[in-house]
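These notes concern the structure reproduced below.
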Amino acid sequence: MKNLHYLIVLFIILLVLTSCSSPRVEPSSTPTIATQTPTISATPEDQAEATFTPTATATETPTPSPTPTTPPPPEIQYVISTELDYASLTLTVAQFISIPNNSSTPLDEIMLIVPPNLYKDAFRLNSITWDNSQEVTDHNLRGSQLYIPLPEPLEPGMTKNILLYYELWLPPNNSSSEVGPTPFGYTTRQINLVDWYPFVPPYREGQGWMIREPWAYGEFFIYPAANFDVTITLKNLPQPMIIAASAPDSGEGETHRYLLEQGRNFVWSISPSYTMFEEQVNGTTIRGYVFLPDAIAGEQAFYATVNALQLYSELFGPYPHPMLTMVQADFDHGMEYQGLYFLNRGFFSSYDGTAGSYLIAIAAHETSHQWWYGLVANDQAREPWLDEALATYCEYIFYEYYYPERLVDFWWDIRVNPYQPAGWVNSTIYNTAGYRDYRDAIYLQGAIFLNDLRNLIGDDAFFAFLKDYASTFTNQIATGNDFFRILAGHTDADFTPLLTTYFER
């Protein structure tokens with residue numbers, strides 16, 4: 001991590017300022033976190049012999065990108081210290097953000113996205129200061145957007161550091177907000193801290209800050225890659241709690257510390273009721289957290305996650321983080337985040353004991369988001385197909401590889417064809433008539449488009465293209481133009497008829 005010594009010093013300053021400037025109550029007891037966990041084999045008994053081998057090299061190797069001769073630009077850095085009072089469902093947070101100007105023009109303001117402020121009475125900002133302890137008094141928080149004018153322009157190549165102190169009051173999950181269902185908040189069985197802190201949106205040359213308006217369905221946040229140093233303290237626990245997080249816990253005792261480099265976000269979930277599965281794959285720790293009544297189904301979802309990570313690592317490039325976490329959602333939807341995803345509780349209750357179920361298919365889908373969302377990000381509001389169509393088609397690839405004799409037709413017959421999907425693949429979350437139209441156009445039509453593309457250019461070119469696309473835009477935010485530019489380097493086939501069929505010009 002760049003300027004590690006500098007960040008450590010700033011973190012110490014942050015903690016000092018926290019103790020002096022923001023009220024903190026020391027925990028009265030030390031939380032106990034479960035450490036004894038069963039290790040589960042990652043091979044389901046009914047797994048078919050893998051016969052599908054799409055990893056062959058394309059017949060024409062594209063010209064590699066030139067090796068950079070200058071160091072990469074500095075990254076956004078977050079150092080967050082938080083205390084969760086379990087009894088009152090509140091958090092006290094001190095947050096340091098280092099914000100580089102990687103553009104070629106001076107910046108007159110800094111914009112932050114504050115997702116918790118979309119929930120009524122969930123967020124209270126106590127103070128903002130610059131790193132020289134100068135208080136910011138003329139900031140403006142409206143909806144999820146926090147506008148902070150700079151005392152002087154931030155020149156290209158320079159960095160600005162800010163300190164924020166705030167409190168969170170957790171809402172019930174699926175409570176009323178300006179957005180559709182999200183995991184943020186609590187249920188009787190779990191607390192989920194997702195999109196729980198202010199973050200820096202991307203800044204794109206010639207466009208400014210990439211900020212999208214909230215919507216009732218689909219995702220609309222855009223996350224630049226950043227480094228995270230998060231310290232969590234739990235207070236007033238009625239019983240021992242288990243923390244599921246985006247990264248390994250490197251803390252000691254009552255202090256839980258998580259380091260995540262080049263991630264889109266950091267999320268965590270806690271519960272007294274989790275049963276945990278664990279497996280090591282190529283240096284990555286994979287964990288599954290499920291509620292005990294659903295342990296049998298959860299074990300199979302965990303198998304699917306392990307197998308999907310192995311497959312996608314071979315097809316698209318290595319998984320770059322030390323941990324991947326699957327969490328059973330105590331609500332009826334799922335969601336992907338960096339290093340962690342939630343799996344719909346409804347799929348657990350409807351699991352029929354076979355791999356031909358939504359539980360297994362969506363586990364494969366959400367795992368693939370670690371590449372199509374995590375490794376390669378996109379504008380989820382205006383070009384959601386770049387992650388959702390790819391993730392949906394990855395379900396098919398998963399079945400094609402692990403269950404080639406029995407479940408390939410199942411996937412099309414159950415997942416796609418009954419819905420008779422229609423609509424433009426490149427629809428936005430704003431121009432579809434509702435969730436069903438959004439899903440059919442972007443997820444399902446998107447998967448059909450990718451399958452037609454693969455049939456047109458052949459397996460070798462198709463999988464070489466996806467691996468190149470993932471490598472070229474690692475830790476970046478890709479566009480549809482980027483997608484087709486990389487594709488054109490891997491095939492001489494004319495794919496414009498597919499664009500006419502599936503994409504609105």
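The values are calculated or read from the model by the stated rules, or taken from the named source; none is laboratory data. In this text the structure is predicted, and so the values were computed from the model without any measurement. Cβ atoms come from the backbone with ideal geometry, glycine included; neighbour counts cover every protein chain shown.
Evaluate region 171-182: report whether one residue or more is at pLDDT 95 or above, outside any loop (DSSP other than H, G, I, E, B) and out of contact with any helix residue (DSSP H, G or I) (no Cβ under 8 Å at 6 or more places or on another chain). So far as region 171-182 goes, no, none of its residues is at pLDDT 95 or above, outside any loop (DSSP other than H, G, I, E, B) and out of contact with any helix residue (DSSP H, G or I) (no Cβ under 8 Å at 6 or more places or on another chain). Restricting attention to region 367-382, does a residue exist that is under 15 Å from the mean Cα position of the chain (by Cα) and among the acidic types (Asp, Glu)? Yes - at least one qualifying residue is present in region 367-382. Applying the selection to region 404-431, what residues are among the hydrophobic types (A, V, I, L, M, F, W, C) and either touching a His at 6+ places or on another chain (Cβ under 6 Å) or in contact (Cβ under 8 Å) with a residue 60 or more places away in the chain (or both)? Those that are among the hydrophobic types (A, V, I, L, M, F, W, C) and either touching a His at 6+ places or on another chain (Cβ under 6 Å) or in contact (Cβ under 8 Å) with a residue 60 or more places away in the chain (or both): Trp424, Val425, Ile429.
Pairs are defined by a Cβ separation below 6 Å, a sequence spacing of at least 6 or placement on different chains, a first member in region 125-144 that is touching a residue at least 24 places away in the same chain (Cβ under 8 Å), and a second member that is of a type in the set (S, T, N, Q); the pairs so defined are Asp131/Asn161; Ser144/Asn117. Residues being over 22 Å from Thr500 (Cα atoms), out of contact with any Lys or Arg (no Cβ under 6 Å at 6 or more places or on another chain) and surrounded by fewer than 22 Cβ atoms within 10 Å (Cβ to Cβ) are entirely absent from region 383-394. Counting the residues of region 78-130 that are in contact with a helix residue (DSSP H, G or I) (Cβ under 7 Å, 6 or more places away or on another chain) and within 18 Å of Trp268 (Cβ to Cβ) gives 5.
Only one entry in Pro149, Pro171, Pro183 is in the same structural domain as Glu109 (by TED's automatic domain parsing) and surrounded by fewer than 16 Cβ atoms within 10 Å (Cβ to Cβ), namely Pro149.
Which is assigned by TED's automatic domain parsing to the domain that holds Arg485, not acidic (Asp, Glu) and not in a loop (DSSP other than H, G, I, E, B), of Leu315, Leu324, Leu390, Leu311?
Leu390
The set of residues in region 199-230 that are under 17 Å from Asn265 (Cβ atoms), out of contact with any helix residue (DSSP H, G or I) (no Cβ under 8 Å at 6 or more places or on another chain) and part of a loop (DSSP other than H, G, I, E, B) comprises Val200, Pro201, Pro202, Met210, Ile211, Arg212, Glu219, Phe220, Ile222, Tyr223, Pro224, Ala225.
Screening Val327 with (1) touching a residue at least 60 places away in the same chain (Cβ under 8 Å); (2) more than 24 Å from Leu237 (Cα to Cα) gives one miss only, at (2).
Leu499 passes every criterion in (1) assigned to a helix (DSSP H, G or I); (2) under 30 Å from Glu75 (Cα atoms) apart from (2). Against the conditions (1) in contact with a helix residue (DSSP H, G or I) (Cβ under 7 Å, 6 or more places away or on another chain); (2) part of a loop (DSSP other than H, G, I, E, B); (3) surrounded by 19 or more Cβ atoms within 10 Å (Cβ to Cβ), Phe449 satisfies every one except (2).
In region 249-266, the residues that are more than 12 Å from His321 (Cα to Cα) reach residues that are modelled with pLDDT under 95 and crowded, with 17+ Cβ neighbours inside 10 Å with C-beta atoms within less than 7 angstrom, at least six apart or across chains, in these pairs: Glu254/Pro27; Glu254/Pro31.
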